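Each remark here refers to the structure printed beneath this line.
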Amino acid sequence: MPLLPYERLEIESPLPPVEVCARLASVIEPRRLFRFGRDGARDFEGWIDGNAFEVQRIIGYQNAFLPRIAGVVEPAGSGSRITATLKLHPFVAVFMAVWMGAVLVVGVPMMIAMLLVPSVEPDRGMRLIPPGVFLAGWLLVSGSFTFEARRARALLSALAESLARAPGRS
């Protein structure tokens, strides 16, 4: 399991890439600096340029661990394939890597000192703080990302499914 969440996704559609891109563009709106709730918004915000796209789900609440979805629509047999990568916003990924790295850099030597140096005799519960803080950070990132990634996958899969079932519908 990776330290920071990352996921690859492939969705097949019987429609040609041009049609898939047009349908995908219909559920994407440009990014806004400030957004207050969903207020009748589409499912995703971001951009689509040719066959490439980068989006994230529009949500009515705050979640710094909301996956960014970067992908491409390519021909596959008689239809097309959406290949995408779900990952954290770069600032959030760097922040969490530094934070969890600092816990390791400070916490591991502290735990070793508590175990090996007889003069250091802190409360036994102190030994659990570094791994506990690291585990809490990892669970927060992974849990929040996974929750949102599952919802984004469901939306994209429903889009691909609706593409396959109702090609004349926008």
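If the chain linking Glu19 and Arg151 were pulled fully straight, counting 0.36 nm for each residue of separation and taking away their Cα-Cα distance, it would gain 45.2 nm. Seen against the Cα atoms of the chain and their longest principal axis, helix 90-116 is set at about 20 degrees. FRET efficiency for the pair Ala136 and Ser78, taken as 1/(1 + (r/R0)^6) with r the Cβ-Cβ distance and R0 = 41 Å, rounds to 0.25. Computed from Cα atoms, the angle from the helix 129-165 axis to the main principal axis of the chain rounds to 10 degrees.
Gly46 sits among other residues whose Cβ lies under 12 Å from its own Cβ, and their net charge, with Lys and Arg +1 and Asp and Glu -1, is 0. Near His89, the amide H atoms lying under 5 Å from its own belong to Arg68; only residues 5 or more places off or on other chains count, and H is placed 1.01 Å from N. If you sort Tyr61, Tyr6 by accessible surface, 1.4 Å probe, largest first, the order is Tyr6, Tyr61. Over the chain, dividing the summed -39,500 (n - 2.57) contributions of all DSSP H runs of at least 4 residues by the number of residues returns a 222 nm mean residue ellipticity of -15000 deg cm²/dmol. The simple spin-label model puts a point 7 Å past each Cα toward its Cβ; for Leu116 and Val94 those points are separated by 3.4 nm. Put a plus charge on the Cβ of each Lys and Arg, a minus charge on the Cβ of each Asp and Glu, and nothing anywhere else: the dipole of the chain about its Cα centre is then about 260 debye. Applied to region 75-81, the Karplus parametrisation 6.51 cos²θ - 1.76 cosθ + 1.60 on θ = phi - 60° returns per-residue 3J(HN,Hα) values of x, 8, x, 8, x, 8, 10 Hz, with x for Gly and Pro.
Rounded to a whole number, what % of the accessible area of the chain do carbon and sulfur atoms account for, probe 1.4 Å? C and S fraction of accessible area: 65 percent.
Karplus-derived 3J(HN,Hα) values for region 15-31, using 6.51 cos²θ - 1.76 cosθ + 1.60 with θ = phi - 60°, are 7, x, x, 4, 5, 4, 4, 5, 5, 5, 4, 6, 10, 10, 10, x, 5 Hz; glycine and proline are entered as x. Shape class of the chain from the alpha-carbon gyration tensor: prolate, with a/c at 1.5 or above and a/b greater than b/c. Applying 1/(1 + (r/R0)^6) with r as the Cβ-Cβ distance of Leu104 and Ala64 and R0 = 25 angstrom yields a FRET efficiency of 0.75.
The values are calculated or read from the model by the stated rules, or taken from the named source; none is laboratory data. Given the structure is predicted, the values throughout are model-derived calculations rather than measurements. Glycine also receives a Cβ, built like all others from the backbone with ideal geometry; neighbour counts cover every protein chain displayed. These accessible areas exclude ligands, DNA and RNA; they are computed on the full protein's heavy atoms, side chains included. Shrake-Rupley method; radii C 1.70, N 1.55, O 1.52, S 1.80 Å.
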